[in-house]
Each structure stands twice: as C-alpha cells, then as structure tokens.
Amino acid sequence: MAIMTCPRCGGCGAIWNSQEGTACAGYSSTCPSCGGKGYVTDDQCYGTSSILDSDTKYTFWPNPIITREPERIGRVLSIISEVWHRFPDWRLSQLLISIAPFLDFYTEDTVLEERLNKFCEDTAVLDKK
C-alpha cells in the first residue's frame, strides 16, 4: 500500500468550484477524493484508493516501496551518538544544524554521514588537547 498526495486537490484538502459566467467568483469545498485530508492510499493489489484517518499524515518520497541501504541507519545514528556524547549540552537539532547547516528535506544520508565523519575527525583533535 502506498500513501500519496491526493491528485485531485494537490494535498490541500479542498477544491475550487468556479461559478459559471464569472471570471473570479466561486467557492471552495472539501475534496471528495481525500475527504479533506490531502492524502490517499493506493492499494496496488486491488487497485482501490481509501482515505486516511484524520490523525494520520504521511508523506513518502520518492516511493515507500524503494528502500535505500537499511544499514546506513545504524551507521549514521552511531556517528550522531558519538558526536552528541562529545557535546552533551547541545540539543539534537543544535548539533545537526551546527554540523551540517545545509540540511534540508532532500539531503541524502550519505552526505550527512560524510559531514558527521569529518566533524568527528576535526573534533578528535580537541579530545587530545
């Protein structure tokens, strides 16, 4: 099952209904495809779509079926743990932003891993002084 942005409303949960004969007039209404949630599920086995419950908001990019190297998770978290133990007074977000201020939604884990390793090498000099 894949979770995706509603193709009808583009994820906003509402659609615009133009009034005939006017250039600008109209009204918005709840998207009938997603029920106002902005997300739908696509059950590829049966080819049906269903609405997510109101408390659930998921975005999978680019595709939940295609997984990256699962082993990277342990490696990256191990490095983060090592660095965080060197600077225990830092908050996690402070740590990540200080090490890699370029982080955004699309930053690949390999890029973050390289930057964390470089930071470990640079701060190892501090441990020896």
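Considering the stretch 74-106, and only residues there that are of a type in the set (A, V, I, L, M, F, W, C) and in a loop (DSSP other than H, G, I, E, B), the residue that is farthest from Leu116 (Cα to Cα) turns out to be Phe105. When Trp61, Trp16 are checked against the criterion of being at pLDDT below 85 and part of a strand (DSSP E or B), a single residue qualifies: Trp16.
The values are calculated or read from the model by the stated rules, or taken from the named source; none is laboratory data. Every value quoted in this text rests on a predicted model; they were computed, and no experiment measured them.
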